[in-house]
1. Note down all Cβ pairs under 9 Å where the first residue falls in region 80-91 and is under 9 Å from Gly70 (Cα atoms) and modelled with pLDDT of 95 or more, the second is open to solvent by 10 Å² or more (accessible area, probe 1.4 Å) and part of a loop (DSSP other than H, G, I, E, B), and they're at least six residues apart or on different chains.
2. Check whether at least one residue in region 102-116 is closer than 30 Å to Ala166 by Cβ and in contact with an Asp or Glu (Cβ under 7 Å, 6 or more places away or on another chain), and report yes or no.
3. Taking region 116-132 as the search range and keeping residues that are part of a helix (DSSP H, G or I) and open to solvent by 30 Å² or more (accessible area, probe 1.4 Å), which one is farthest from Gly18 (Cα to Cα)?
4. Given the condition without any contact (Cβ under 8 Å) to a residue 12 or more places away in the chain and open to solvent by 10 Å² or more (accessible area, probe 1.4 Å), answer yes or no: does some residue in region 41-52 qualify?
5. For region 126-152, enumerate the residues that are farther than 19 Å from Gly164 by Cα and free of Cβ contacts under 8 Å to residues at least 12 places away in the same chain.
6. Hey, does region 133-146 have a residue that's of a type outside the set (Phe, Trp, Tyr) and either outside any helix (DSSP H, G or I) or touching a strand residue (DSSP E or B) at 6+ places or on another chain (Cβ under 9 Å) (or both)?
7. Out of curiosity, is Ala92 open to solvent by less than 70 Å² (accessible area, probe 1.4 Å) and among the small types (Gly, Ala, Ser)?
Amino acid sequence: MNYFRVLGALDDHFRREGRRYAVVGAFGLHAYGLTRATADLDLVTETIAQSRVVGFLGGLGYETLHRSEGYSTHVHPLATLGRVDLVYVGGATAEELFTGARPLLALEGQVFPVPRPEHLAAMKAFAVRNAPERAWRDLADVAHLLGLPGVDRDEVRRYFERYGLAERFRELEEARVPRGS
């Protein structure tokens with residue numbers, strides 16, 4: 001997949017539309033030093049942007065595989081354009097997430113916005129709650145984010161508690177304590 005080409009086209013779309021967005025998923029993690037293989041591009045944008053971005057992707061030849069209030073998944077028949085997953089947020093969540101997002105992901109001379117590590121961890125906690133089979137990988141991602149300097153661990157803990165995952169957060173915390181301490 002030509003991630004830069006797809007991300008560049010979406011960046012142009014969101015700018016023209018005056019809508020906020022940020023890169024999440026594997027590329028969001030990459031901006032914080034964790035690189036792993038991925039087969040798609042994950043973005044978060046405003047709920048109000050959904051109809052226009054789905055239409056934009058359709059105009060590029062993407063087929064919408066799934067669309068709900070909070071998510072949409074799109075795949076292109078050309079492997080170079082691949083799969084795009086979008087998360088939609090509104091209200092106070094959108095304000096907090098997009099206010100905290102910073103231009104951190106550098107690709108081919110362009111820089112794209114990425115949420116704060118705490119918000120990426122919140123999205124991972126939400127994913128674990130909704131798809132427990134993903135827990136191993138998503139919790140490993142959260143462990144990396146928790147190890148970053150300056151991360152507000154209490155904020156991340158509150159997100160885990162909100163999603164009924166307090167025990168999983170405790171496990172992450174315990175795993176960070178060196179053996180024999």
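1. Val87/Gly70; Tyr88/Ser68; Tyr88/Glu69; Tyr88/Gly70; Val89/Gly70
2. no
3. Step by step, filter region 116-132, then rank; the result is Pro132.
4. Within region 41-52, one or more residues are without any contact (Cβ under 8 Å) to a residue 12 or more places away in the chain and open to solvent by 10 Å² or more (accessible area, probe 1.4 Å).
5. Pro149, Gly150
6. In the first step, residues of region 133-146 are kept if they are of a type outside the set (Phe, Trp, Tyr); the result is 133-135, 137-146.
With the extra rule that they be either outside any helix (DSSP H, G or I) or touching a strand residue (DSSP E or B) at 6+ places or on another chain (Cβ under 9 Å) (or both), the set shrinks to none.
No, region 133-146 has no match at all.
7. Working: open to solvent by less than 70 Å² (accessible area, probe 1.4 Å): no; among the small types (Gly, Ala, Ser): yes.
Against the criterion (open to solvent by less than 70 Å² (accessible area, probe 1.4 Å) and among the small types (Gly, Ala, Ser)), Ala92 does not qualify.
Table: residues versus (1) of a type in the set (Val, Ile, Thr); (2) within 23 Å of His144 (Cβ to Cβ); (3) in a helix (DSSP H, G or I).
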site: Ala26; (1), (2), (3): no, yes, yes
site: Gln50; (1), (2), (3): no, no, yes
site: Leu57; (1), (2), (3): no, no, yes
site: Ser72; (1), (2), (3): no, no, no
site: Leu86; (1), (2), (3): no, no, no
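The values are calculated or read from the model by the stated rules, or taken from the named source; none is laboratory data. Remember, predicted model here, so these are calculated numbers, not experimental data. Methodologically, a virtual Cβ is constructed for each residue, glycine included, from the backbone with ideal geometry; neighbour enumeration extends over all protein chains shown. Please note that ligands, DNA and RNA were not included when accessible areas were found on the heavy atoms of the full protein model with its side chains. Shrake-Rupley method; radii C 1.70, N 1.55, O 1.52, S 1.80 Å.
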